[in-house]
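Participant: Submitted below is the structure of interest, expressed as structure tokens.
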Amino acid sequence: MVDIPNVITRVPFKKVASNRDIKQQSYHHLAITASKNLRHSPPPHAPPKMGFLNFTQSATNSTPPIAPSRSQRALCWATRDQFFACLDKHNILDPLKNPKESKSFCGPEEASFEKECKGSWVEYFKKRRVMEHNREAMLKKLQEEGASNMGGIRNPVGEAQKE
């Protein structure tokens, strides 16, 4: 058996930075960067009002949105149906892509539809009209190609309107 002597080698000492030193350096770097950015950027406008979980800002600037009543929804749906009947009469599928045609042929109906329904509802119903048309066209095409209906799969869009 060979005896290996214990040899101690000297390595030059290198100071390792502590976590506190690293944090101080990074904070110092951030402070320098922030001060440089402030010198070159325009002054900010009025700062937003901040409160606990931002309740004070919403309470002072606006009231919470109120959901439409049952009669308001029924009136919205009735004006929507009138507008869509006019579009069908003039063979206009997408009023969002053809706004000039829809305004020229169905302007009063569209105005009453937009007056009685919320803006988000108007956009939703117009997009849904196109989506349902494309869906029906695809189903018709599939049936012509010989596709069969898979049992147990319901039509979620059409059944809600039939009830």
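No value in this document is a laboratory result; all are computed from the given coordinates. Everything numeric in this text was worked out from a predicted model, so none of it was measured. All Cβ positions, glycine included, derive from the backbone under ideal geometry; neighbour counts span all protein chains shown.
Participant: Look through the stretch 67-77, keep the residues that are out of contact with any Cys (no Cβ under 8 Å at 6 or more places or on another chain) and in contact (Cβ under 8 Å) with a residue 24 or more places away in the chain, and return whichever of them is surrounded by the most Cβ atoms within 10 Å (Cβ to Cβ).
Facilitator: By that ranking, first place goes to Leu75.
Participant: Could you list all residues from the stretch 93-112 that are hydrophobic (A, V, I, L, M, F, W, C), closer than 18 Å to Tyr124 by Cα and without any contact (Cβ under 8 Å) to a residue 40 or more places away in the chain?
Facilitator: Leu96, Ala111
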